[in-house]
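S.K.: Next up is a structure, given as structure tokens.
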Amino acid sequence: MARRRSARQLGLELGSEARPQIKGGGFLRSIEMQLPSKARGFPFSIPAIKKLCRLEFHPAVTFFIGENGSGKSTLLEAIAVKAGFSHEGGWKRRITETVAATSPLDPHLTLARGGYPGDGWFLRAESFYNIATELEELGSGFSAYGGKSFHAQSHGEAFLALLMHRLSGDGLYLFDEPEAALSPQRQLAVLALIHRLVRHHSQLVIATHSPILLAYPHARIYEFSASGMKEIAYQDTEHFRVTRDFLASPDRMIELLLREEEDAG
């Protein structure tokens, strides 16, 4: 397990390495989308998807944020399929799928590449159990994952084992809400592991709700909303502002929320 550090210590360490050599992998430069004029229904009706023409990736880390249903995971899945991953997640060139399905957006995406990675993984919290089961059925000894079956660990421990042991660098890594099973302290550990991967020539695209992960400095953040998609600074995200305001005065915030609920009831 990575050595535990406080949020302040971790921030200082990440900031101290903000040098030109932090370049990431840069394997994906941009995507362009051309939807058919008659495209209707989900996911074509999602504003961020419907209005998307072009998106440029940060060579190190690109974050997708937004409310549930805003399209961030839908677009991440389409990018993953276009890049050669199974829609269900897992390693590159994985062909087994529990549910036969493809991304409806994949045919309408064009990827501009800056090179080809030596490694890759598409991590989806919702289908990670299926991946763990497949590894068991393939007879994996899990030596590449820390030596312990994912099913013999908690969800969060298995996530960390994957990041710590299997993802070694020179890779394209796509994460869909990796914080889902992680405590705040473990999210800090993941933040440090992301930095390790970036320093080892990797590129990550991450859909997240975590204000901790979003604090990573070598990144670009895209916000998905009812008005479309836009790039946004970390301090301007709702994730940062709501967390800051709540921690600054939790008693007052709780009082206001409960009072509103009582008034509405």
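The values are calculated or read from the model by the stated rules, or taken from the named source; none is laboratory data. Note that the structure is predicted; figures quoted are calculated from it, not measured. Cβ atoms come from the backbone with ideal geometry, glycine included; neighbour counts cover every protein chain shown.
S.K.: For segment 61-90, what are the residues that are under 23 Å from Arg196 (Cα atoms) and among the polar types (S, T, N, Q)?
M.R.: Correct list: Thr62 only.
For (1) at pLDDT 90 or above; (2) more than 29 Å from Pro211 (Cα to Cα); (3) of a type in the set (A, V, I, L, M), each residue gets a yes or a no:
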| position | (1), (2), (3) |
| --- | --- |
| Tyr116 | yes, yes, no |
| Asp119 | yes, no, no |
| Thr133 | no, yes, no |
| Phe142 | no, yes, no |
| Ala158 | no, no, yes |
| Ser168 | no, no, no |
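S.K.: Then there is this: Looking for whichever is loosely packed, with under 15 Cβ neighbours inside 10 Å, closer than 16 Å to Val61 by Cα and within 17 Å of the chain's Cα centre (by Cα) here; the options are Pro184, Pro217, Pro211. Which one fits?
M.R.: Pro217
S.K.: Still on this model: Check segment 129-147 and report whether any residue there is buried (at least 20 other Cβ atoms within 10 Å of the Cβ) and closer than 20 Å to Ile79 by Cβ.
M.R.: yes
S.K.: Also, I was wondering about something else. I need the full set of residues from segment 159-181 which are under 23 Å from Asn68 (Cα atoms), of a type outside the set (D, E, K, R) and buried (at least 23 other Cβ atoms within 10 Å of the Cβ), in order please. Even if it seems obvious, please write down each step before you answer.
M.R.: Kept after step one, since they are under 23 Å from Asn68 (Cα atoms), are these residues of segment 159-181: 159, 173-181.
Filter again for of a type outside the set (D, E, K, R), leaving 159, 173-175, 178, 180-181.
Listed by number, the residues that qualify are Phe159, Tyr173, Leu174, Phe175, Pro178.
S.K.: Of a type in the set (Gly, Ala, Ser), under 30 Å from Ala161 (Cα atoms) and modelled with pLDDT of 95 or more: which single residue out of Ala189, Ala233, Ala180, Ala219 fits that description?
M.R.: Step by step, each of Ala189, Ala233, Ala180, Ala219 is checked, and only Ala219 is of a type in the set (Gly, Ala, Ser), under 30 Å from Ala161 (Cα atoms) and modelled with pLDDT of 95 or more.
S.K.: Enumerate the pairs (first residue in segment 30-42 and within 26 Å of Leu172 (Cα to Cα); second residue anywhere and modelled with pLDDT of 85 or more and in a loop (DSSP other than H, G, I, E, B)) with beta-carbon separation below 7 Å, excluding pairs fewer than 6 apart on the same chain, so at least 6 apart or on different chains.
M.R.: Ser30/Phe57; Glu32/Cys53; Met33/Leu52; Met33/Cys53; Leu35/Phe44
S.K.: Output yes when any residue across segment 1-14 is in a loop (DSSP other than H, G, I, E, B), more than 20 Å from Leu172 (Cα to Cα) and either at pLDDT 90 or above or touching a His at 6+ places or on another chain (Cβ under 9 Å) (or both), and no when none is.
M.R.: No; the residues of segment 1-14 include none that is in a loop (DSSP other than H, G, I, E, B), more than 20 Å from Leu172 (Cα to Cα) and either at pLDDT 90 or above or touching a His at 6+ places or on another chain (Cβ under 9 Å) (or both).
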